Amino acid sequence: MNERARAAPAPWMHDRLRQGFTHLSAGRLNEAAACCKQVLGARPDVPEAHFLVGLVALELKQTWHAVQAFGSVTKLQPDHGAAWANLARLFMQAGQPARADAALAKAVEHNDDNPVVLDLIGTVHGLLGEQEEAGRWIARALAKEPDSVPFLINQANNHTFLDRLDEAEAALRRVLAQQPGHPNAHWLLSGLRKARDRSHVEELERLIDGQREHPRALAFLCYALGKELEDLEDWDHAFPAFAQGAAARRSTLDFDEAGEIEMYEAFAATFTEAWLHDGREGHDDPAPIFVVGQPRTGTTLVERIITAHSQVHSAGELKQFGHAIRRIGDYREQRQQSARLAEIAAGIDPAQLGKAYLQTTRTMQGDTPRFVDKLPPNYLYIPLILKALPKAKIVHLRRDPMDACFASFKQLFADAYPHSYEQAEMARHHARYYRLMETWRERFGDRFFDISYEDTAANLEPNARALVDFLGLPWEDACLAFHEQKSAVTTASTVQVRQPAHTRSVGRWRRYAEELEPMRRALAEAGVPETLTDAVPAR
């Protein structure tokens, strides 16, 4: 039944949906869901009821429930631009850019100049790595609603990714003119430049006092404060700010440490040399270059060195390899991490896995012969990458453990790395990573390239040349001028990698040696060395 033939919903249904959207705006998700249920119980073909279901599912982080709901909307009303835009974003977040591309095309076709849809289209372009195009759509949304705080925040992020820091600051100032205490805006503002005085510090301190009962807001403000205090070399007060922010953020997250332990042990037990050489062949495309390691260990620095080369494109941090394993292996465990993942991955046809990865990343690969996938946790899958894509190259970043752990601890991530907000949890996770990499190195060490962050920062040229040689590329001097690239950067290192290589962060943890004793002790108990190098340059 098409839209014209379908009878209009009864007046009471419109009333219930209006109430449902009001409940949603007020955060009353149960009440909003009850309104949907009542309408759909009487008329299952009302598109806006399914749309509201999708919005509620988004708030509850029920991704596939949201996909089903928005999919129902597009079946009932194929010209519903907002539903297509939401589907496009969800598919990108799920690591399915081909489906996202198709949904995005429908959203563009049916956008109807709705500013929310325009902004969503911009968001999807950003997730696809198309930051210039993203900026154009966000600007169109702001032309419709110039004072929209969410649109301005998105514009500030977009400008930051493109190194347009003055424009980013202008957008954030517009947010703060309307909402002087907006936590995310203050956090983003703190990251644009090095603090030169205490004016913003004092404002952050006042705001923190009023947000102690709101952990997400508190985390933004505390991490902003810690960053600026470090800029000012006020070491005594910087660490308490980071610690308070970390505790606030940790209170909002679940971390299944037992599941992670089980999974890491299963991967180490399963992926042996015998497994790698069992006769099954992979997919022989040489295009991918994987840059892996712990976050905040120089992965972005090394990626920028590589992608300064004319033959290499930056595809960003792609989740497609892990998603392909779960999809092909039909992984249905409720736990994200378990021994079952190793079991199903070991039996997957490697050629199918390699082909699936390349197909699902096609729109991200650019038009150069090679591309970089810089998702740090792909170190877990090194044996699977070697088997599925035997001609791909893998580069692993090494950084002194205490610096690596502290760098994550003092960084506010989006939804990744839930282990990074408590010192002992961070250290135990790092120990699992460290032991797993020792295992991979023992079994497959001649198949991937270890590169030291400390040595690369201190001695750029010899390390860059060795790296480019490992990748089988001809040397280009542009690889030493990586900081001059104009392409977008969408990681936590957005601002830092616009600068030449430096050693200012090497040994930074020693400024806080007393406060970081729980982290150091947990690493020592797990048998992880404090540092991987003897030299600790002055900070």
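Read-outs throughout are calculated quantities, based only on the coordinates presented, and are distinct from any laboratory measurement. Remember, predicted model here, so these are calculated numbers, not experimental data. Because the Cβ atoms are built from the backbone with ideal geometry, glycine has one as well, and the counts that use them run over all protein chains shown.
Things worth noting here:
- Between D415 and A526, the simple spin-label model (points 7 angstrom out along Cα→Cβ) gives 2.5 nm.
- Pairwise FRET efficiency - D234 versus R193, Cβ, R0 = 22 Å, nearest 0.05: 0.85
- Local electrostatic count at F371 - Lys and Arg +1, Asp and Glu -1, tallied over other residues with Cβ under 12 Å: 0
- Kirkwood hydrodynamic radius over Cα pairs of the range 180-312, then Stokes diffusion coefficient at 25 °C and 0.890 mPa s, in µm²/s: 131 µm²/s
- Between the Cα long axis of helix 115-127 and the first principal axis of the chain there is an angle of about 20°, rounded to the nearest 10.
- When the charge dipole of the chain is built from unit charges on Cβ atoms (+1 for Lys and Arg, -1 for Asp and Glu) and taken about the Cα centre, the candidate among A346, L58, L76 whose Cα reaches farthest toward its positive end is L76.
- Spin-label pair L60/T363, simplified geometry with 7 Å Cα→Cβ offset, distance in nm: 2.8 nm
- Highest average packing first - 119-128, 417-426, 362-371, 82-91, Cβ atoms within 10 Å: 82-91, 119-128, 417-426, 362-371
- Viscosity 1.567 mPa s, temperature 4 °C, Stokes-Einstein D of the range 1-122 from Kirkwood C-alpha radius, µm²/s: 89 µm²/s
- Here the 3J(HN,Hα) profile of the range 468-480, calculated from phi with Karplus coefficients 6.51, -1.76 and 1.60 at θ = phi - 60°, is 5, 5, 4, 6, x, 10, x, 5, 9, 4, 4, 5, 7 Hz, Gly and Pro shown as x.
- Cross-link partners of K194 among aspartates and glutamates (Cα-Cα below 14 Å; sequence separation of 8 or more within a chain): D166, E169, E228, E230, D231, E233, D234
- Extension gain, H200 to E484, is 99.3 nm, computed as 0.36 nm per intervening residue step minus the present C-alpha separation.
- Across the range 251-264, computed HN-Hα scalar couplings (Karplus, 6.51 cos²θ - 1.76 cosθ + 1.60, θ = phi - 60°) run 5, 9, 10, 9, 10, 8, 5, 4, x, 5, 4, 4, 5, 4 Hz from first to last residue, x flagging Gly and Pro.
- Basic side chains Lys and Arg get +1 at the Cβ, acidic Asp and Glu get -1 at the Cβ, and with that the dipole of the chain about its Cα centre reaches some 1000 debye.
- Nonlocal amide H pairs with D450, under 5 Å, H built at 1.01 Å: H396
- Kirkwood-based shape ratio for the range 257-525, expressed as Rg/Rh from alpha carbons: 0.95
- Amide hydrogen neighbours beyond the local backbone of L389, cut-off 5 Å, H modeled: H283
- In this structure, E333 and D285 have a Cβ-Cβ separation that, at R0 = 22 Å, corresponds to a calculated FRET efficiency of about 0.15.
- Counted charge near H125, where neighbours are those whose Cβ lies closer than 12 Å (Asp, Glu -1; Lys, Arg +1): -2
- Only Lys, Arg, Asp and Glu carry charge here, each on its Cβ (+1 for the first two, -1 for the last two); on that basis the range 257-525 has a dipole of about 420 debye about its Cα centre.
- Using distinct alpha-carbon pairs, which all enter the 1/r mean, Kirkwood radius of the range 334-445 in Å: 16.2 Å
- Cα gyration tensor category, rounded, prolate or oblate, for the range 251-383 with a/c compared to 1.5: oblate
- Ordering 166-176, 310-320 by mean Cβ neighbour count within 10 Å, with the highest value first, yields 310-320, 166-176.
- Only helices enter this figure: runs of n ≥ 4 DSSP H residues, each worth -39500 (n - 2.57), summed and divided by the residues of the chain, yield -18000 deg cm²/dmol at 222 nm to the nearest 500.
- The count of lysine pairs in the range 257-525 that are at least 8 places apart or cross chains, and whose C-alpha atoms lie under 23 Å apart, stands at 14.
- Contour excess over end-to-end distance, with Cα ends at R340 and Q311 and 0.36 nm allotted per residue: 6.6 nm
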